[in-house]
Amino acid sequence: MLQQAQTIKSTSFPPHSTLNNINNDNTTLRKNIEFILSAVFDNRLGPTIKYQYPKSIPGFKYPSSSSLLSPGSPNNSSNPDEPLNLANLMLPNNVEKTPGKADFTVFILYHNKITQTYQLFPPSSKKIKNAVVHSSANNTPKYDKLKRYSILVEDDETADKVDALKTTAEAPLFFINVVNTVLDETNDRGAIIKSLAVGTTLKNFNIFKPLLLMTLHFYMLNPRYSTAQTLIDCFNMLNSLDLSIVQNLHSKDQLQYMFNSIMDQSVLQTLFDPNKGNFKKILKCKIIPHSDEFGNKILFHNETIHYYFDLFKPTILPKHFSKIPLQVSLIKSDPINISLNYSSYVLNFLNQFIPFLQKLDFSKGIKPWKLLVTSTNETKSTLSDFIIALSNLVSCFTGKQNNYFMNKHILIFPYMDISIIDALRKFLEPTSEFHDSFTIVGTGNPIFQFQTDIWDYYYDMDSEILYDASNHSNINSNSLEKLTLQQELRNSSTSLKKLFAKPYTVTTISSNNSSNHDNLTSSNNSINIINHGLQRNKSHSVLNPSSHSRIGLLQKFIPYLIQEQHDNQTVIALFKRVNMLQLIFLLNSPTNKNINVPNEMSLQDEYLWVYKDFIIFAEFFTYSELHIIRILITFENNLQLLVKTKAEKNISNDKLYTQLTTLLETTQELLSFVTLNKSNLERFINVLQDYPTLRICHEYDLIKHDFNNTSLSKLVRPANKNASLVESFIENLGFNLLTSFLISFDTKEQSKTTTGLNRSQSLFKDFAPSRKNKNNLMRSSSVKRLLRIHNHSSSSDVAENTPQVLILRHKADTFPSVSSSSGSSDRTDTKEINLQSTIEKRILSIKHNLVRIIYKIERHPVGQVLVKRYIKDDIREVYDFLKIEFSSPLSPTETAASIPTVPEGIPMSPQSFSSSRKDLVKELNMIEEQQVQLKIASAKTSQDNSVV
C-alpha cells in the first residue's frame, strides 16, 4: 500500500506543550529552525518526502498519492519546485553503499517575495519588476495563487515598490541534512534509507549536526519511533533555546573581523575568560549570564557557549538527549562555518584553478566561469563543505545579494542531484536574467562530466584533476562511447566506475609548473613543492612551458601552505595579507593602461580584473578600510623618509621640519578618524592586525611580475629561528609600526627626565641638529629593526621611485619655509634655538597623537589585550611614561579635542563616495587636500604656542 506523504500541522504540538510555557511572542518570531523534514527511499516511488513540520514549505507542497504515479508527475519531470527534488537532495546517490555510516548534505532555498514561496534557485528581479508593473497597469490584484497577499500599486509607486521588494528580501533557508542506511532483511532492497533535515536562516547551521544525528539514529532504531512526534520533539527542542547572545555577537561584523585576525590563542583565551572584565565588556553586561532568556542553563568555555535544554520535556525522544548541550562558537570564522581543512582539499584545487583564471582575457569580454566539482569517494559532507569553503573565499553570503565580479551573480549549490540538471540549464539559459552568472556546484554523480554545456571547469576531487571545457574535445572520441542520459541512469554505479576508470586524454593540471617554482627551504633542507596529494597524477599531461601563465603572489604562497600543513586560520590570515598587499599596490598604481582596465569600475572589480586569483575579502574594499590603509601607508612611508633623513651626514633643518610636519598631519588625521566613533576604531584595529610587510610591494610590480622564479625567503624575514616562511609573513607588524616612533630615541634619557622641557631636550638630542656640529646626526635603525625593512641599492629611495597616490609628497612645499641650517652665515643663535625648539615640539606633538591613538585602542576590550600582547616591553614602558607625562587628560570618553576647526574661507564639499576606483581616488585626494588647507591655516596661528 502506498505510503502517503504527510504535512504535520503546527497545531499538532504535544498536549504537555512545555515549549508553550517558555515560548512567548518574541521567541515565536525568533525561531532557531523554521522547518524540519524527513525523507525515505520508497521501493516504488524512489526518494520521497514523508513529513514536513510545522507546515509544508511554500513552493514544495506534497502531491497526492495518485499524482505521484500519474503521467507528468515529478517521477517523470524535473520540476525543481516539487518535494521529490528535495528528497533527492536529502537521499544522495550511493548512500546505500555505506550502511551504518551517516552522511550530511547541505542545500539552500531562496525566498520569492512576489509568490511568497521558496525555490531552489534565486528569484529573478526582472520578474519582480514585471509583476509589479503588470499589477499596477491593471489596477487589480494579481497572483491568484497567493494566499497571503495581493499586490496592488499605483503607477508612480512602481519603482519604489520594486526597490522595496528587492531590499526586504528574506534571508535564504539553509538546510542541513543527515542521512543513513540501516540493513533490514525484511525490506525488499535489503536496507532502509532515511534522512532528517532542518531549515534555518542561521549561517552557523552546522551546530545542529550532533542533535540531528542522534535524532535520526533514534528515528531509525525502531518503526514505532519513525513517527511525526519524533520530528516535533526535535523541532521543539532546538527552538526551546534562546540563541540571542550568539546571534547578537555574530551580527557585529567589525568585532568578528577582529576576532578572526587574532592569531595568538592566548589572546582569545583572555578575551573570552568569563572571570575577566574584557568578556563582560564584549557582551556589554555587568554580570556574565548563567541562563538564556527562557531560563536554560548556559556555560562559557573558551570561545564557545554551551546551551542546556533544561526546560524542554520530550514526548518521545529519550531524556538523555536534553542532557547534551548545544555548543556554539562565539567566533564566526567564515560567512558559513565549516569543519573542512583547507590544506587537505581547497589549496590543491586553488593551485590548479588559479592558472586557468590567469589565462582569461577580460579585454575580449567577460564570460563568467562555471565550476562543477564532483566526488564519488569523499563523503557528501566533505563535498558540501568544499563548495561552501569556495563560497567563503569569494565573500558569498556576506550581504543581501551574492554578487562576485562586475555585479554578476554567483550561484552556490553545495550538492546537486542529476534530477535538477534541467532546472540548472533553465536557470542559465540565454533568456534568463542569470545566464551570465558564475556558478559553483557540487555533485556526487560523474554523469555531470558529460554535460559540458553547464560547466567550464570540472574538478574531480578524487583524482584531483581539473578539466577545462575549452580543451575537452576528446571526450567524444571513438575510444569512448557517450551514452544518453537515460542510459546512464539505468546503468549501475559499478558501470559508471568502469566508465571513468581511465581518464580522458584532455588538457589537465596535476601540478602547476612545479619544476619552475623556486625550491622551498625548511631548516636548510630542500623540499619538493609538488604537494603529496598531486603526485599520483603525474601520468596526466601538465601545462608545458609554452602554455605557462604568470604566477602571482597568492599562487606563489600556496605550495608553502600545502607543504607546511597549516590550519584554516593561518591560511585565511595569509590570504588576507596578500589581498591587502595587492590592494595597496593597486591603489599606488597611477593607471593601468597596459592591462586595459575600464575607466568606470569599482575598486573590487578592478582588483579581480587585474590579479585574477579568485579570492576576495570584501571588508577591505569599503571606504573606511581604504581610508585607514591609505593613512597607514602614508605614515610608514613618511617614517621611512624620516629615518633616512636622520641617517644623512648633511641635513637641513627645513627638510627635517617639513618631514616632521607631514608626519604630524598624518597622525592627526588618524587620531581624528579613530576617535570619531567606535566603528572606526574597530575597523582600524582590524586593519592594523592584517597590515602586511611592504617589502614585496616595494621590490616588485605585483600586477605584472611573474613570481615563478622568485624566492620568497629573501623577501620575508623569519620572525624567529623556528618560524616558517608563512608564519613570518603573517606576523603582526601593525602595532610595531604604530609605536616605532615612540622609541626612535634614547629611552634611557626618557626615564631620567621628569619635566616637560628637560625631558624634551634630552629626549630629542640625538635627533635634533647639534648646535656644535649642525651637520652631524646620530644614526638610528630602530624603525628598520622593528619593521624589518631592508633598503636595497636598487630602490634606495622607495618613497620617491614608487608611484605615489598615497604618499603626501606634495605637502612638503605647503608649509612655511624654514631657512637652511648650513650656508647662512648671518643666521643668529636665537633663530637656531627657535628652529630647534620648533622641531622638538613637532616631535613631541607626534608622540602625543600616537599616545592618544594607542590609548584609544587600549580602552577597547579587544584592543586592551592586543596592546598588552603585541607592544613590546621597552615600548610599553615608554608609552606608559608618556601617557602620564602628557598634560592633557586621557579619559574613556575622550574625543578629538585637538582637531582644529575649519577656518573661514576654506570650502568644504559634501563627501559622497563613488564606487568607481577613479572617482574614489579623486575623492580621497580631495579630502586630503582639504585637511592640508585646514591644518596650514591652523598652524599659522598656533604652531609655536604650545606643545599640545
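As a rough guide to protection, the peptides 261-267, 570-576 ranked by mean Cβ packing within 10 Å, highest first, stand as 570-576, 261-267. Ligands, DNA and RNA excluded, the heavy atoms of CYS396 present near 0 Å² of accessible surface to a 1.4 Å solvent probe.
Taking all pairs of different Cα atoms in region 241-331, averaging 1/r and flipping that mean, what Kirkwood radius in angstroms comes out?
On the way: mean 1/r = 0.0702 Å⁻¹.
Kirkwood hydrodynamic radius for region 241-331: 14.2 Å.
Counting only Cα atoms, the size of region 365-426 along its three principal axes is 36, 25, 22 Å, in decreasing order. Inter-label distance, LYS61 to ASN677: 4.6 nm, where each label sits 7 Å from its Cα along the C-beta direction.
Please find the FRET efficiency linking ASP873 to LYS323, where r is the Cβ-Cβ separation and R0 is fixed at 35 Å, and quote it to the nearest 0.05. All intermediate terms of the calculation are to be shown ahead of the outcome.
On the way: r = 48 Å, r/R0 = 1.36.
That gives a FRET efficiency of 0.15.
Applying a DSSP loop filter and a limit of 13 other Cβ atoms within 10 Å to the trypsin sites (Lys or Arg not before Pro) in region 336-439 leaves LYS400. Subtracting the Cα-Cα distance of THR315 and LEU183 from their residue separation scaled by 0.36 nm leaves 44.8 nm.
Annotation: extensible slack from LYS252 through GLU600 equals 122.1 nm (criterion: 0.36 nm per residue apart, minus Cα-Cα distance). Beta bridges per DSSP, both residues in region 344-473: antiparallel share near 25 percent. Per residue, the accessible area of region 248-296 comes to 48 Å² when a 1.4 Å probe rolls over the protein heavy atoms. Taking each of LYS678/LYS841; LYS281/LYS868; LYS31/LYS297; LYS209/LYS323; LYS252/LYS332 in turn, the alpha-carbon distance tops 20 angstrom for LYS678/LYS841.
For region 344-473, a simple Cβ point-charge model (Lys and Arg +1, Asp and Glu -1, everything else neutral) yields a dipole of about 400 debye relative to the Cα centre.
Rounded to a whole number, what % of the accessible area of region 344-473 do carbon and sulfur atoms account for, probe 1.4 Å?
Details: 1690 of 3830 Å².
With neighbouring chains kept in place, the figure for region 344-473 is 44 percent.
Here region 167-287 is treated as a sphere whose radius is the Kirkwood value from Cα pairs; by Stokes-Einstein at 37 °C and 0.692 mPa s it diffuses with a coefficient of 183 µm²/s. The loop-placed trypsin sites (Lys or Arg not before Pro) in region 611-666, going by DSSP, that have at most 16 neighbouring Cβ atoms within 10 Å of their Cβ come out as LYS649. Taking every protein chain into account, the accessible area of region 557-703 amounts to 25 square angstrom per residue (probe 1.4 Å).
Using a 1.4 Å probe on the protein chains only, how many percent of the accessible area of region 241-331 belongs to carbon and sulfur?
Numbers: 2160 of 4200 Å².
Within region 241-331, the accessible surface is 51 percent carbon and sulfur.
Taking label positions 7 Å along the Cα-Cβ direction at both ASN377 and THR98, the computed distance is 1.3 nm, reported to one decimal.
Stretched out straight at 0.36 nm per residue, the stretch from GLN116 to ASP453 would grow longer than its current Cα-Cα span by 118.2 nm. Label positions at ASP880 and HIS290, each projected 7 Å from the Cα along the C-beta direction, are separated by 3.6 nm. Going by accessible surface with a 1.4 Å probe and the largest first, ARG842, ARG859 read ARG859, ARG842. The number of Lys pairs in region 344-473 with C-alpha atoms less than 24 Å apart, excluding pairs fewer than 8 positions apart on the same chain, is 14.
Value of Rg to Rh for region 344-473, rounded to two decimals, is 0.93; Kirkwood radius and Rg both from alpha-carbon coordinates.
The values are calculated or read from the model by the stated rules, or taken from the named source; none is laboratory data. For clarity, every value in this text was computed on a predicted model and none was experimentally measured. Glycine gets a Cβ as well: all are built from the backbone with ideal geometry, and neighbour counts include every protein chain shown. All accessible areas refer to the heavy atoms of the entire protein, side chains included, with ligands and DNA or RNA removed. Shrake-Rupley method; radii C 1.70, N 1.55, O 1.52, S 1.80 Å.
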